[in-house]
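Some notes on the structure that comes next.
The values are calculated or read from the model by the stated rules, or taken from the named source; none is laboratory data. These numbers were taken from a predicted model, which means no experiment stands behind them. Every residue, glycine as well, gets a Cβ built from its backbone with ideal geometry; the counts of neighbours run over all protein chains shown. Surface accessibility is based on the protein's heavy atoms, side chains included, excluding ligands, DNA and RNA. Shrake-Rupley method; radii C 1.70, N 1.55, O 1.52, S 1.80 Å.
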Amino acid sequence: MSVEQDQEKEIQYYSAAVNTWFATRLEHDKHLLSLSAGGVGLLVTLLTTIGVKSVVAFVLFAAAIATFVVCVITVLAIFTRNADHIEKIINENASGDSFLRKLDFVAKGSFILGVVLTAILGISIAIDNLTKESVMSKETKETRVDVRESVEGASQLKPNNTAVERRSVEGAGKLRPTDQGNSGGNKKDG
């Protein structure tokens with residue numbers, strides 16, 4: 001191979017490596033953006049469906065949403081700053097941008113913190129639900145015992161069958177027509 005062909009291969013290799021590096025970095029930022037936006041959506045959905053049941057849950061919801069929002073805003077700033085930085089590199093042969101490094105650090109840090117806070121929130125909600133189910137289960141058992149005790153003597157209230165039969169037909173004799181009522185009516189007719 002000639003020196004010229006070797007240089008051409010080196011240039012193509014370098015170009016492919018730089019393109020891959022840019023694509024990887026941009027994909028990383030795109031994933032941070034989409035995952036952070038998804039995190040905000042998830043937390044807002046949980047907030048509206050489950051609600052806030054304690055001050056700790058409220059603080060965790062607020063902090064997790066805030067960190068994901070910071071990540072989204074930072075990544076959008078990185079995209080804007082990247083375009084400006086690439087223009088400077090092409091036109092002015094500029095070197096690295098320290099502010100972009102700081103933005104990258106903030107984006108990664110806020111995303112990781114958001115994930116950790118969301119995990120803590122999920123564990124907190126799960127523990128709260130388990131505790132409430134346990135308490136409700138105990139209350140149900142106690143209620144069953146109380147109900148049984150409150151109707152325990154009901155069988156003693158049952159009336160004696162013979163007494164009920166006697167009472168049910170006891171006044172039937174009063175319904176029989178009397179001779180006086182019939183004779184009085186017959187005298188008028190006769």
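Okay, here's what the table says:
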| item | result |
| --- | --- |
| Per residue, in Å², the accessible surface of the stretch 1-57 once ligands and nucleic acids are set aside, probe 1.4 Å | 76 Å² |
| Nitroxide proxy distance, nm - points 7 Å out along Cα→Cβ at Ala77 and Glu10 | 4.0 nm |
| Additional length obtainable on full extension of the chain from Lys132 to Ser2, 0.36 nm per residue less Cα span | 39.0 nm |
| Computed label-point distance, nm, for sites Ala66 and Leu35 using a 7 Å Cα→Cβ extension | 2.2 nm |
| With DNA, RNA and ligands ignored, accessible area of Thr74 (1.4 Å probe; Å², nearest 10) | 10 Å² |
| Cα-based Rg of the stretch 11-117 normalised by 2.2 N^0.38 Å, two decimals | 1.35 |
| Efficiency of FRET between Ile50 and Ile112 - r from beta-carbon atoms, R0 30 angstrom, step 0.05 | 0.80 |
